[in-house]
Structures are given as structure tokens and as C-alpha cells.
Amino acid sequence: FQHGAFSKYTIGWIYCGYGRENIIKPDMLYVWGSYWKNELIRLGTYFDENEVGFGGDPKTLKDFKFEEKNKADDEFIWLLMPYEIEAPKNEVREYVYQILKCPSVKFVFKTRSDASDKSQVVEYGFKKDMPSNFLVMSSVSQDIMDKVSMVIGTHSTYLYEVLHQLKPVYILKTSLDYAEVMNQNGLADYIDLNENVCQKINQAKDIDLNILRQRRDKFYKDFGSLEKILKNLFYVRDKWL
């Protein structure tokens with residue numbers, strides 16, 4: 001079962017030229033939807049097309065609640081960035097400091113729930129005296145999420161998840177190119193530190209809602225039901241095996 005985003009670096013899923021008869025693999029691989037099946041085939045997986053099924057996202061779509069129009073916030077532009085284990089922290093930090101200088105920005109650093117906020121803030125090298133518009137949250141309320149105008153990062157499955165909430169995603173241009181495929185497939189744009197970062201943020205707030213719908217529909221096409229797949233595999237005669 002798929003547990004995260006595939007890329008050209010997830011070599012455990014990519015056919016490397018050995019004889020196929022020597023490959024030890026499951027009979028079926030269940031991915032979240034057709035987007036990921038197409039990605040695996042494009043990358044050159046050793047699974048045949050009929051060996052890849054749709055098993056659904058571990059987070060059911062009913063968990064995502066959103067309005068098709070973000071709540072207006074005339075005073076601030078809300079921007080969210082998730083903690084990422086493999087992010088090039090020094091490069092990302094430069095982006096954050098630059099963004100915090102932009103007028104009327106509220107920056108939300110979304111931490112992981114399996115570690116302390118303090119350890120993650122320290123890991124990124126953020127200072128103790130961060131400006132008041134820098135907010136640290138391990139859990140982002142729906143009210144805050146409704147106000148978020150854009151989500152940024154270098155690579156994270158969270159960047160894909162927010163597509164369902166019609167949030168524009170921007171990939172930070174760094175030495176880490178894991179998420180370049182999101183841009184190549186039309187799901188995200190880039191932010192480059194050499195550009196006018198503040199201007200990019202203002203543009204994100206006014207992005208066409210139809211573009212965000214198209215991104216959502218492209219990514220979430222053919223999402224299966226994980227519960228249904230598991231029942232088909234393990235539930236026989238009204239009993240779990």
C-alpha cells in the first residue's frame with residue numbers, strides 16, 4: 001500500500017534493468033489514485049499496469065472540509081509551511097525570513113505532532129525572538145485553514161493533501177528537487193528567492209479558483225476506498241480473517 005509520494009528518488013519502486021523474473025514483489029500494489037499510477041508508469045516501475053490498483057488515501061476525503069471560496073481577511077495574507085524532515089533547512093530559513101518582511105503576512109509554521117514544537121523550530125534554526133507574525137501550530141484549525149492563501153514547502157505529502165482544500169501550492173526553489181514533479185504536472189508553482197517574493201505572495205491570493213479546482217480534480221481522480229479494498233481482501237462471510 002502506498003504510504004507517501006513517489007518520485008525519481010524512490011528507487012525501491014523503479015525498475016533498474018535486472019531480469020524481471022528475479023524481482024521479488026507483491027502481487028498487487030495499491031496506490032491512492034490514477035495520478036500515482038500514472039506517475040509510477042512514467043517513472044518506469046517494475047509493476048505491470050494491471051498490478052497497480054486504487055486503494056485510497058489513508059486520510060479519507062470526508063476528513064477534508066472546505067469552502068470553495070476562502071474567508072476574506074482584509075488585514076492579513078496567511079501563508080502556511082509544514083515541517084519537512086529532509087528539507088534543506090538553511091535554504092528554507094532564508095525564504096522564511098524574506099517572507100516575514102512582506103507587508104501584512106501571517107506565517108504559520110505547521111509542526112509535526114510526533115515531536116515537540118520547540119525541537120522543530122530549533123532544527124530549522126529559527127531565532128527565539130521571531131517577529132509576531134511568525135506562528136507555530138501543530139494543529140491548524142479549520143478557521144485558520146480557510147484563511148490560508150498559499151502553502152509552501154520543498155517536499156511533503158501535505159502539499160498534495162491541501163489541493164483538496166483548493167489551496168495554491170508553491171515549491172521553494174532549493175537544492176532539493178523532490179517536489180519538482182508537482183510543478184511539471186501542473187499542480188504547483190515555484191517561488192525563487194531571486195524573484196520578488198512578496199509579489200508572488202500577493203499573486204497567490206488572487207489565483208483563479210478554476211485553476212485550483214482543476215488541480216484538485218487531476219490529483220484526486222479515481223481515488224479508491226481503502227476500507228473497501230481491505231474488506232475485499234480480508235472480510236469473508238461477515239467475518240474478518
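In debye, nearest 20: dipole of the range 135-241 around its Cα centre with unit charges on the Cβ of K, R (+) and D, E (-)?
460
What percent of all Cα-Cα pairs in the chain falls in each 5 Å bin, counting up from 0?
1, 6, 12, 16, 17, 15, 12, 9, 6, 3, 2, 1, 0
For the chain, with only Lys/Arg (+1) and Asp/Glu (-1) charged at the beta-carbon, what is the dipole magnitude about the Cα centre, in debye rounded to 20?
320
So, taking all protein chains as they sit and a 1.4 Å probe, how much accessible area belongs to Arg213, in Å² rounded to tens?
Here the residue's solvent-accessible area equals roughly 70 Å².
Check the chain for me: any Cys whose beta-carbon has no other cysteine beta-carbon within less than 4.7 Å?
Cys16 - these cysteines have no disulfide-compatible partner (Cβ-Cβ under 4.7 Å) in the chain.
Percent of Cα-Cα pairs more than 19 Å apart in the range 96-206, please.
Of the Cα pairs, 48 percent sit more than 19 Å apart.
Could you rank Ile85, Ile201 by how accessible they are, 1.4 Å probe, largest area first?
Ranking Ile85, Ile201 by accessible area, largest first, yields Ile85, Ile201.
The values are calculated or read from the model by the stated rules, or taken from the named source; none is laboratory data. Treat the numbers as computed from the prediction; the structure is a model and nothing was measured. For neighbour counting, all protein chains shown are included, and Cβ atoms are generated from backbone atoms with ideal geometry for every residue, glycine included. Keep in mind that these areas ignore ligands, DNA and RNA; they rest on the heavy atoms of the full protein, side chains included. Shrake-Rupley method; radii C 1.70, N 1.55, O 1.52, S 1.80 Å.
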